[in-house]
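Taken together, the values in this text are just the output of simple stated rules run on the coordinates, not laboratory data. Predicted model only: the values in this text are computed from it and were never measured. We place every Cβ from the backbone using ideal geometry, glycine too, and count neighbours over all the protein chains shown.
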């Protein structure tokens, strides 16, 4: 699976949870937040930027903060 999003669009997209920049994860067809580490799916080349649709990644973001879906520290 390949993320097919123009570079100019990727530059202006931001994580809806923490407002950090997103990076494309080509292997999983996702956009991963560089801040909180949530991974947002890309379906039919359309990013689904809904926190409820995102999944936490193993790394939890570059800051190392692990926050659960209800806002509890993990």
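Starting with the highest mean, order 33-41, 8-16 by the number of other Cβ atoms within 10 Å, averaged over the residues of each peptide.
Values: 33-41: 20.6, 8-16: 12.6.
Top of the packing list down: 33-41, 8-16.
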Exposure proxy order (Cβ contacts within 10 Å, fewest to most) of 5, 46: 46, 5
The stretch 7-56: radius of gyration and largest Cα-Cα distance (Dmax), Å: 9.5, 25
